[in-house]
1. Within 15 Å, Cβ to Cβ, of residue 170, how many net charges do the neighbouring residues add up to if Lys/Arg are +1 and Asp/Glu are -1?
2. If each residue's Cβ is checked for other Cβ atoms within 10 Å, how do 263, 105 rank with the fewest at the top?
3. By its C-alpha gyration tensor, with a ≥ b ≥ c as the square roots of the eigenvalues, how is segment 382-479 shaped: rounded for a/c under 1.5, else prolate for a/b larger than b/c, else oblate?
4. Can you list, largest first and rounded to whole Å, the semi-axes you get for segment 87-221 by taking the square root of 5 times each eigenvalue of its Cα gyration tensor?
5. Test of understanding: extend the Cα→C-beta vector of residue 470 to 7 Å, then name every residue of segment 477-507 with backbone N under 16 Å from that spot.
6. Tell me the label-point distance for the pair residue 283, residue 60, using the 7 Å Cα-to-Cβ offset, in nm and rounded to one decimal.
7. Please give me the summed charge of the neighbours of residue 197: other residues whose Cβ is under 10 Å from its Cβ, Lys and Arg +1, Asp and Glu -1.
8. Against the globular-protein guess of 2.2 N^0.38 Å, express the Cα radius of gyration of the chain as a ratio, rounded to two decimals.
Amino acid sequence: MTPPESVTRRELLAMGLTGLVGSALGACQRSPAVQWLAAATPAASFVPDVELAITARPGDASILPGASTEVWRYSGAVVKGPASTVQPIADSYLGPTLHFRRGQKVRIRFSNWLPDPSIVHWHGMDVPAAADGHPRLAIAGGADYVYEFEVANRAGTYWYHPHPDMQTGPQVYRGLAGLLVVSDDEEDALELPTGTHDLACVLQDRRFDGDNQLVYSTTMMDMETGFLGDRVLINGRPRPNWALATSAYRIRVVNGSNARVYKLAWSDGTPMTVIGTDGGLLSRPVSQRHVTLGPAQRSDLWLDLSGRPVGTTLELRSEAFELSDAGLVRGGRGMGGGGMGGRGMGRGMGMGSSLPLGAPISLVRIEVTRREASRPRLPERLSTLEPVVPPAAGAPVRRVPLTFQRMQWLLDGRVFAMDDVARDETVVAGSTHIWELANVGGPMGMQMGHPIHLHGRQFRVIGRTGGSPSNTLRDGLVDGGLMDTVLVLPDETVRIQVTFSTHPGLFLYHCHILEHEDMGMMRNYRIVPG
Ligand code: C2O
Ligand code: CU
Ligand code: CU
């Protein structure tokens with residue numbers, strides 16, 4: 001395996017890898033004889049607490065009645081450390097759930113047994129650049145890549161998925177994704193529901209052909225709107241029935257869809273009680289009618305069934321919303337001239353799916369099937385989030401317009417190039433910045449919501465302005481916690497504050513509508529040592 005041409009010695013230096021490659025690189029930099037040692041060889045100085053082997057390979061899964069479906073999937077094994085680190089999900093194409101403790105040192109050997117290049121990204125995790133799964137680190141089929149990092153994140157629900165250039169959408173869609181759950185002492189002390197009372201709920205929409213095979217398309221329209229399936233799978237299965245007890249549950253909802261936004265609610269009007277977001281627990285639980293979840297976002301829910309009689313049924317649903325609340329509309333909201341004015345009257349796109357964005361969907365059916373002696377108590381205080389202290393007065397705000405130009409979605413007018421970093425995308429390790437994500441759209445009112453994701457660090461939302469007051473997705477936003485992905489609704493401007501990681505090197509920020517990412521609505525940012 002040779003290093004990608006584009007990886008320079010300076011980048012290896014920036015990634016802190018010279019200790020690994022040492023003199024070999026110094027002697028013959030950029031020579032094809034130089035192995036991509038940093039990636040392929042574990043560091044002798046790194047003593048892992050946990051060592052895993054993760055493999056991606058083609059396989060099949062029984063998803064719908066009848067023929068099985070060809071998928072690509074991750075599997076995993078524990079080489080060193082607690083056996084409970086890798087927990088497969090029964091009957092699912094999803095990869096095993098990885099359970100880490102904060103502070104653990106982790107080594108993961110990833111083996112790519114796919115016919116295409118790939119690389120794994122640990123979404124939401126604060127890891128060194130060499131362990132972040134940047135597309136320039138993608139490895140060919142048959143190759144291995146070794147990740148080493150210390151689990152720095154707070155307890156919470158993270159996930160992992162592939163990140164090769166221009167192929168993230170199709171690879172995730174084929175089944176490559178898994179959960180990564182971090183626990184820590186602070187969270188343990190709260191005695192939140194665990195074991196069988198800690199449930200995963202990964203939402204992914206898919207389209208199937210008559211032979212139960214996955215259908216994916218990259219027509220211009222599907223790329224522009226993001227690819228929508230016509231049915232939603234939960235943990236890789238069609239709408240499940242959960243038989244639960246009269247007790248409290250923690251439900252980790254992950255939007256693992258390529259492009260679909262959900263407006264989550266309980267069918268009986270029970271408020272959604274949110275205890276955590278992308279980056280772990282909120283300071284206090286939040287109760288509201290809906291939870292809006294954009295692609296890649298997570299919501300940790302608390303559901304207390306202790307007061308319900310056995311036999312009670314309940315559904316987790318995505319409720320109806322207007323296509324124009326998040327989806328691609330030309331002509332703009334309420335701007336469709338010539339007597340076509342009014343909400344949702346613009347020309348709606350994304351009709352390749354029979355389940356348009358905003359269609360109501362029943363996701364999970366819950367039945368209370370047994371009594372269980374429990375007196376659940378939801379802690380009033382969950383965590384201490386650092387208050388958002390703005391950087392020094394007059395600190396510059398970097399405006400990042402989200403636009404559509406030259407038939408492409410762009411970040412700040414730019415398109416992704418493997419090593420390209422602009423001056424305003426270069427930040428000092430550990431420095432705090434405000435970025436203003438301005439959903440400007442394109443010509444003739446072309447607009448849609450974009451879930452903007454930052455690698456490497458969780459951030460805080462410090463402002464959200466503009467947008468339509470009649471957009472019902474707004475009531476479901478949970479902006480108070482730590483996030484790595486924020487849904488910027490049409491016409492909105494969202495300010496985020498981030499204190500960048502101390503790991504130098506190249507990281508990404510991008511739209512997590514995977515078709516937008518693959519089209520190039522993605523950019524590098526570089527962390528330079530302070
Ligand atoms: Cu979840 Cu850059 O991705
Ligand atoms: Cu990520
Ligand atoms: Cu987008």
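Taken together, the values in this text are just the output of simple stated rules run on the coordinates, not laboratory data. Keep in mind that this is a model prediction, so the values were computed, not measured. Neighbour counts are summed over all protein chains in view; Cβ atoms, including those assigned to glycine, are modelled from backbone coordinates with ideal geometry.
1. Working: positive: 73, 174, 206, 207; negative: 70, 116, 165, 205, 222, 515, 517, 518.
Taking every Cβ under 15 Å from that of residue 170, the sum is -4.
2. Result, fewest neighbours first: 105, 263.
3. oblate
4. On the way: eigenvalues 154, 87, 30 Å².
In descending order the semi-axes read 28, 21, 12 Å.
5. From segment 477-507, the list is 490-491.
6. Once both label points are built, they end up 5.4 nm from each other.
7. My count for the surroundings of residue 197 gives -1.
8. Cα-based Rg divided by the globular estimate yields 0.94.
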